[in-house]
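K.L.:
One structure, as structure tokens, below. Some questions next.
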Amino acid sequence: MIRTEQLTKKYKTLSGDVLATDHVDLHFSCNGLYMILGKSGCGKTTLLNILSGLDSHDKGHIYIDGVDIGSYHEAELDHYRNLKMGVIFQEYNLISELTVWDNLRIVLEIQDWDNKSEATIQSLIVETLAKVGLNGYESRRINQLSGGERQRVAVARTLIK
């Protein structure tokens with residue numbers, strides 16, 4: 001579960017302060033699909049970056065499973081992002097020189113979990129690629145894919161976590 005209380009983020013610019021989020025209160029249960037809608041520049045990406053630990057907030061609290069992550073140190077944030085949060089970036093942030101398989105494998109290799117075996121890793125990658133309709137794309141390099149296929153690899157990277 002993710003819950004925010006009075007989440008506020010302000011950016012300082014040459015022309016003055018910009019309030020990106022203003023006392024945002026949210027509650028996301030463990031399951032479900034949520035959409036954040038709004039016009040360009042209203043703070044959607046800032047909010048997602050804060051929730052994922054990629055950006056800091058100025059005021060308020062973020063609770064993940066009842067724990068306030070505002071006091072997390074960088075190593076704890078890395079662990080949180082690695083195991084509990086998946087983000088599909090607007091630019092996908094895939095490694096274009098690597099294959100689809102290797103882009104997904106990296107995500108699993110940096111995770112620390114019990115009974116991790118080569119067979120488990122292979123099974124997870126195959127199952128996840130099937131979920132996003134990319135069976136048979138394992139050996140293609142990212143720079144050989146269409147925009148939609150790259151987007152599905154980015155979705156697969158998030159799902160596999």
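No lab work stands behind these numbers, since they all come straight from the coordinates. Small disclaimer: the values here were computed from a predicted structure and weren't measured. Neighbour counts are summed over all protein chains in view; Cβ atoms, including those assigned to glycine, are modelled from backbone coordinates with ideal geometry.
K.L.:
Can you pull out the trypsin sites (Lys or Arg not before Pro) in region 100-157 whose DSSP state is coil and whose Cβ has at most 15 other Cβ atoms within 10 Å?
P.N.:
Values: sites: Arg105, Lys116, Lys131, Arg140, Arg141, Arg150, Arg152, Arg157; in loops: Lys116, Arg140.
Counting only loop positions with at most 15 other Cβ atoms within 10 Å, the trypsin sites (Lys or Arg not before Pro) in region 100-157 are Lys116, Arg140.
K.L.:
If you don't mind, another one. Using a Gaussian network model on the chain with a 10 Å cutoff between Cα atoms, which of Asp112, Asp68, Asp102 fluctuates the most?
P.N.:
Asp112
K.L.:
Taking θ = phi - 60°, what integer Hz values does the Karplus form 6.51 cos²θ - 1.76 cosθ + 1.60 yield along region 85-102, in sequence order, with x for Gly and Pro?
P.N.:
10, x, 10, 9, 6, 4, 9, 6, 6, 8, 8, 5, 7, 8, 7, 4, 4, 5
K.L.:
Can you match Cα extents along the principal axes in Å to one of these, (i) 51, 41, 30; (ii) 61, 37, 29; (iii) 49, 35, 28, based on a calculation from the structure here?
P.N.:
(iii)
K.L.:
On to the next question. For the chain, what relative contact order do you get, as a whole percent, if you take Cα pairs closer than 8 Å and at least 6 residues apart?
P.N.:
On the way: 199 pairs, mean separation 34.2, N = 161.
In percent, rounded to a whole number, it is 21.
K.L.:
Might you report the magnitude of the Cβ-based charge dipole of region 2-135 about its Cα centre, with Lys and Arg at +1 and Asp and Glu at -1, to the nearest 20 debye?
P.N.:
Values: 12 positive and 19 negative charges, 108 e Å.
The dipole magnitude comes to about 520 debye.
K.L.:
Then there's this: For region 144-156, in order, what is each residue's ³J(HN,Hα) by Karplus, 6.51 cos²θ - 1.76 cosθ + 1.60 with θ = phi - 60°, in whole Hz (x at glycine and Pro)?
P.N.:
Coupling constants for region 144-156: 9, 9, 6, x, x, 5, 4, 4, 5, 5, 5, 5, 4 Hz.
K.L.:
Treating only the Cβ of Lys, Arg, Asp and Glu as charged (+1, +1, -1, -1), what charge dipole size does region 1-69 show about its Cα centre? Round to the nearest 20 debye.
P.N.:
On the way: 7 positive and 8 negative charges, 53 e Å.
It comes to approximately 260 debye.
K.L.:
A follow-up question, please. Please list, ordered by chain and number, the residues whose modelled amide H lies under 5 Å from the amide H of Lys10; skip anything fewer than 5 residues away on the same chain.
P.N.:
Those qualifying (amide H under 5 Å, at least 5 residues apart or on another chain) are Ala20, Asp58.
K.L.:
Name the most mobile residue of Ser15, Ser146, Ser123, meaning the one with the largest mean-square fluctuation, in a Gaussian network model of the chain with Cα contacts below 10 Å.
P.N.:
Ser15
K.L.:
Sorted by mean Cβ packing within 10 Å, highest first, what order do the peptides 89-100, 27-38 take?
P.N.:
Working: 89-100: 14.4, 27-38: 8.2.
Result, highest mean Cβ count within 10 Å first: 89-100, 27-38.
K.L.:
Mean projection of the alpha-carbon convex hull of region 72-142 over all orientations, in nm²?
P.N.:
Values: hull surface 23.0 nm².
In nm², the orientation-averaged hull projection of region 72-142 is 5.8.
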